[in-house]
Amino acid sequence: MTNRSSRRNLMGVPTAELGEFLASLGEPPYRARQLQHWICRRLAGSFEDMSDLPKTLRAQLQAQACLADPVVIEVRRASDGTAKYALQLEDGLVVEAVAMPMEGHTTLCLSSQAGCAVGCRFCVTGALGSGRNLRVHEIFGQFRVLMRSEGLVGQGVNVVFMGMGEPLLNLPNLVGALEFLSETVSLRRTTVSTAGVVPKLYALAQLPRRPNLAVSLNATTDEQRAYLMPGVAHWSLAELIAALKAYPLERGRRITIEYVLIAGVNDSLEDARRLVRLLSGLKVKVNLIPLNPDPDFLPGLEPPSEGVINAFAAHLAAANMNVTVRWSKGREVAAACGQLRGQLKFPRPAAVSP
């Protein structure tokens, strides 16, 4: 059989290019739409699954092409149903994706990079170092793998880009993956989280169809931001808030503000007061996330006590802010960003490249 590496990978290929490839096999144009339907909507794992394609064509595709999804190398399941996947790419790099059962639906968390250059002090991915951008098929492939592995094909899911990497530092591939995802998942059920890459926020705002937006804020002063999130600190909080005020929101939508609470760092009542002032005038909902500790990669950082967390949340609520305390799911399976990848014995990612 022909080696997979020598065959054309049809994952993440636009329909027009699929048409050109199929025309080279003597097939009519409508076959491209059929093939794309199986890849994007039916999430087929093999050409043999594509039952409405002629057997002769399936044989040709098997010989000359492949569907190169990431390979599952480890799955850990928590008592709350969360499944954390370690997925290996064709060049050997490992990324993470998570399936989180929620009330009435499942949320899939996908990675956009094999590492992260932002270097957030509270994130294991940041501690692992920067890595290359994931390509369209590697991002969409995570979704395909999780949907099949979790038995979710044909079911409604939510998708969040809150895994490894900063999505807006990989904007072209992110946008390409969103196009494929939108064949199955509405953009109203898709959320892109950013640490606050201000120029790319303006670029995202220009898209004719946009996902939900979440911003990992975590700081109420520029000094805190420089300490906690050095990779985005050259954009001030004032610049970030200005970009959020300019971001177009459809009716009924809000920007999600994620705020990781770290004991003794950003959890004081004065921080809560500053956060209220900072977000004044914005349509937001605030997710307070107690730090998910990792003694190996995040030494010395701990979540606040429950009393401190509740007092922080109460101050925001008293200011009529929409606030939720979001305890991390799947703690016992290292479900926070980068934690499972950090425990696996693989080389650290190489430097960022397109």
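Of the residues in segment 98-120, none is in contact with a Phe, Trp or Tyr (Cβ under 6 Å, 6 or more places away or on another chain) and closer than 22 Å to ALA226 by Cα. Picking from residues in segment 79-115 that are hydrophobic (A, V, I, L, M, F, W, C) and not in a strand (DSSP E or B), the one that is nearest to the chain's Cα centre (by Cα) is LEU110. Is one or more of the residues making up segment 178-187 in contact with a Leu (Cβ under 8 Å, 6 or more places away or on another chain), under 26 Å from GLY119 (Cα atoms) and at pLDDT 95 or above? Yes: segment 178-187 contains one or more residues that are in contact with a Leu (Cβ under 8 Å, 6 or more places away or on another chain), under 26 Å from GLY119 (Cα atoms) and at pLDDT 95 or above.
Out of everything in segment 231-285 that is in a strand (DSSP E or B) and of a type outside the set (D, E, K, R), what residue ends up being surrounded by the most Cβ atoms within 10 Å (Cβ to Cβ)?
If we filter segment 231-285 for residues that are in a strand (DSSP E or B), which is where we start, we get 255-261, 284-285.
Then drop every residue that is not of a type outside the set (D, E, K, R), which leaves 255-257, 259-261, 284.
On the way: ILE255: 18, THR256: 20, ILE257: 25, TYR259: 25, VAL260: 27, LEU261: 21, VAL284: 20.
Within segment 231-285, the match that is surrounded by the most Cβ atoms within 10 Å (Cβ to Cβ) is VAL260.
Out of GLU27, GLU20, one residue alone is open to solvent by 80 Å² or more (accessible area, probe 1.4 Å) and more than 17 Å from VAL153 (Cα to Cα). It is GLU20. Of the helices (runs of 4 or more DSSP H) lying entirely inside segment 134-221, those containing at least 1 residues that are more than 30 Å from LEU237 (Cβ to Cβ), touching a residue at least 60 places away in the same chain (Cβ under 8 Å) and over 13 Å from the mean Cα position of the chain (by Cα) span 136-149, 171-181.
Can we say VAL153 is open to solvent by less than 10 Å² (accessible area, probe 1.4 Å) and among the hydrophobic types (A, V, I, L, M, F, W, C)? Quick ask: steps written out before the conclusion?
Values: open to solvent by less than 10 Å² (accessible area, probe 1.4 Å): no; among the hydrophobic types (A, V, I, L, M, F, W, C): yes.
No: the conditions fail for VAL153.
Of all residues in segment 316-332, those satisfying the criterion of being at pLDDT 95 or above and surrounded by 18 or more Cβ atoms within 10 Å (Cβ to Cβ) are LEU316, MET321, VAL323.
For segment 70-93, enumerate the residues that are among the hydrophobic types (A, V, I, L, M, F, W, C) and open to solvent by 10 Å² or more (accessible area, probe 1.4 Å). The answer is VAL71, VAL72, ILE73, VAL75, ALA78, LEU89, LEU93.
Scan ALA335, ALA351 and give me the residue that is open to solvent by less than 30 Å² (accessible area, probe 1.4 Å), part of a loop (DSSP other than H, G, I, E, B), of a type in the set (Gly, Ala, Ser) and at pLDDT below 95. Full working, then the answer.
Numbers: ALA351 fails: open to solvent by less than 30 Å² (accessible area, probe 1.4 Å).
Step by step, each of ALA335, ALA351 is checked, and only ALA335 is open to solvent by less than 30 Å² (accessible area, probe 1.4 Å), part of a loop (DSSP other than H, G, I, E, B), of a type in the set (Gly, Ala, Ser) and at pLDDT below 95.
Pairs are defined by a Cβ separation below 9 Å, a sequence spacing of at least 6 or placement on different chains, a first member in segment 306-318 that is within 15 Å of ARG277 (Cα to Cα), and a second member that is open to solvent by 60 Å² or more (accessible area, probe 1.4 Å) and basic (Lys, Arg); the pairs so defined are HIS315/ARG273.
Just checking, how many residues over segment 122-131 are in contact with a Phe, Trp or Tyr (Cβ under 7 Å, 6 or more places away or on another chain) and either open to solvent by less than 30 Å² (accessible area, probe 1.4 Å) or closer than 15 Å to ALA219 by Cα (or both)? Residues meeting the conditions: 1.
Taking each residue of segment 230-256 that is touching a residue at least 40 places away in the same chain (Cβ under 8 Å) and looking for partners that are among the acidic types (Asp, Glu) with beta-carbon atoms closer than 9 Å, six or more apart or interchain, yields GLY231/GLU166; VAL232/GLU166; LEU237/ASP222.
Can you tell me which residue within segment 120-129, out of those that are under 25 Å from ALA243 (Cα atoms) and part of a loop (DSSP other than H, G, I, E, B), is farthest from the chain's Cα centre (by Cα)? Break it down stepwise before answering.
Just the residues of segment 120-129 that are under 25 Å from ALA243 (Cα atoms), to begin with: 120-123, 126.
Retained after the next criterion (residues that are part of a loop (DSSP other than H, G, I, E, B)): 120-123.
Numbers: CYS120: 16, ARG121: 19, PHE122: 17, CYS123: 14 Å.
Ranking the qualifying residues of segment 120-129, first place goes to ARG121.
Scanning segment 71-78 turns up no residue that is aliphatic (A, V, I, L, M), farther than 27 Å from GLY154 by Cβ and part of a strand (DSSP E or B).
Within segment 42-69, which residues are within 21 Å of the chain's Cα centre (by Cα) and either over 21 Å from MET100 (Cα atoms) or open to solvent by less than 10 Å² (accessible area, probe 1.4 Å) (or both)?
Keep residues of segment 42-69 that are within 21 Å of the chain's Cα centre (by Cα), which gives 43, 68-69.
LEU43, ALA68 - these are the residues of segment 42-69 that are within 21 Å of the chain's Cα centre (by Cα) and either over 21 Å from MET100 (Cα atoms) or open to solvent by less than 10 Å² (accessible area, probe 1.4 Å) (or both).
Selection within segment 103-116: residues that are more than 13 Å from LEU152 (Cα to Cα) and either at pLDDT 90 or above or in contact with a His (Cβ under 9 Å, 6 or more places away or on another chain) (or both). The member of this set that is surrounded by the fewest Cβ atoms within 10 Å (Cβ to Cβ) is GLY115.
The values are calculated or read from the model by the stated rules, or taken from the named source; none is laboratory data. Note that the coordinates shown come from a computational prediction; the quantities given were computed from them, not determined experimentally. Heads up, the Cβs are rebuilt from the backbone with ideal geometry, glycines too, and the neighbour counts pull from every protein chain shown. All accessible areas refer to the heavy atoms of the entire protein, side chains included, with ligands and DNA or RNA removed. Shrake-Rupley method; radii C 1.70, N 1.55, O 1.52, S 1.80 Å.
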